[in-house]
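The values are calculated or read from the model by the stated rules, or taken from the named source; none is laboratory data. What you see is a predicted model; the values in this text were computed from it and never measured. Cβ sites come from the backbone with ideal geometry, for glycine too, and all protein chains shown count toward neighbours. To get the accessible areas, we keep the full protein, side chains included, count just its heavy atoms, and leave off ligands, DNA and RNA. Shrake-Rupley method; radii C 1.70, N 1.55, O 1.52, S 1.80 Å.
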Amino acid sequence: MLVLGIESTAHTFGVGIATDRPPYILANEKDTFVPKEGGMKPGDLLRHHAEVSSTILKRALEKAKLSIKEIDYIAVALGPGIGPALRVGATLARALALKFNKKLIPINHGIAHIEIGYLSTQARDPLILYLSGGNTIITTFYKGKFRTFGETLDIALGNMMDVFVREVKLAPPYVVNGKHVIDICADKGSKLLDLPYVVKGQDMSYSGLLTAALRLVGKEKLEDICYTVREIAFDMLLEATERALALTSKKELLVVGGVAASVSLRKKLEELGKEWNIEIKIVPPEFAGDNGAMIAYTGVLAASKNVFIDIDKSYVRPRWRVDEVEIPWRN
């Protein structure tokens, strides 16, 4: 089986190609939009994705040494994500499916992050931290679905950090030499300031932390503010995670999504693993951020259980939650 996957939910346009046998991933090409200033504007994402889509598609096919006619199915991330960005990928996927008579596979972006985590870390039955720019979710698989044990009540962890560094003029770019700029700044700080720490059961709230931190700018050293934001944000996450571990008795913790690449978070997770005597499994950097390979590989799993969608029903779903998706391949 050969599946071509298209990712365009946010800042990255990616095309991956996967198969149902080792090495599984045959191609993983992408191009990420980086704004010159300010945040991501939906119109700019649409324009960027439309401009690079044909090039990335061609690169992926060349990398896999395949023609589009050799591809069996087209998988596409239909959500969650930013509407205009999603529509670029969906439009390309529909066009390819129609022109080359291929079946279309609907993929939830979050499920794809999780599945590429299972594949790349060989996790078996983990508690899962899904941490990205738009998502902060604690979940695990149970009776046909990924069930949510905790999540952000407002802004996601990654988005909160991106907004903070942008507002204090440290970004863009948000990542320098593989390291988020909040980490670069925080590593020069040492004073823990008095900022909101909000955990409600197993849920977290980051908006108060962001607002209060921005109000301290100019009153405290920026390095200490960065240090405090990072430490409190990660400690809130770990508190909620410990409660989920106590509830589920899992012996593995799988961390997926773009924030999984954070070196400072990795150190905290390693300490958590020692305390709870569990294995910490973190998705490799090449699969941490948004990418087409995770869409293609999840497409392989879905196709194995005949999960397809008619082209005229392939609407984008910007608010499509991971706990709304049936997972027949794990039953």
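Some points to look at:
- Among the candidates Tyr174, Tyr142, Tyr118, Tyr130, the residue that is touching a His at 6+ places or on another chain (Cβ under 8 Å) and farther than 23 Å from Thr228 by Cβ is uniquely Tyr130.
- Within segment 108-119, considering residues that are closer than 12 Å to Asn291 by Cβ and among the aliphatic types (A, V, I, L, M), the one surrounded by the fewest Cβ atoms within 10 Å (Cβ to Cβ): Ile116
- Residue match in segment 91-101 (condition: touching a residue at least 12 places away in the same chain (Cβ under 8 Å), closer than 30 Å to Arg266 by Cβ, out of contact with any Lys or Arg (no Cβ under 7 Å at 6 or more places or on another chain) and among the aliphatic types (A, V, I, L, M)): no
- Considering segment 96-142, and only residues there that are hydrophobic (A, V, I, L, M, F, W, C) and more than 17 Å from the chain's Cα centre (by Cα), the residue that is nearest to Tyr206 (Cα to Cα) turns out to be Phe141.
- In segment 185-220, residue nearest to Leu238 (Cα to Cα) [restricted to those that are at pLDDT below 95 and open to solvent by less than 80 Å² (accessible area, probe 1.4 Å)]: Gln202
- Listed here are the strands (runs of 3 or more DSSP E) enclosed by segment 52-134 that have at least 3 residues being under 16 Å from Tyr315 (Cβ atoms): 73-79, 103-108.
- Number of the exception - Gly292 against (1) open to solvent by less than 30 Å² (accessible area, probe 1.4 Å); (2) more than 22 Å from the chain's Cα centre (by Cα): (2)
- Residue that is farthest from Thr91 (Cα to Cα) [pool: residues in segment 310-322 that are touching a residue at least 12 places away in the same chain (Cβ under 8 Å) and open to solvent by 40 Å² or more (accessible area, probe 1.4 Å)]: Arg321
- Output for segment 120-144, where each listed residue is surrounded by fewer than 24 Cβ atoms within 10 Å (Cβ to Cβ) and under 11 Å from Ile282 (Cα atoms): Ser120, Thr121, Gln122, Ala123
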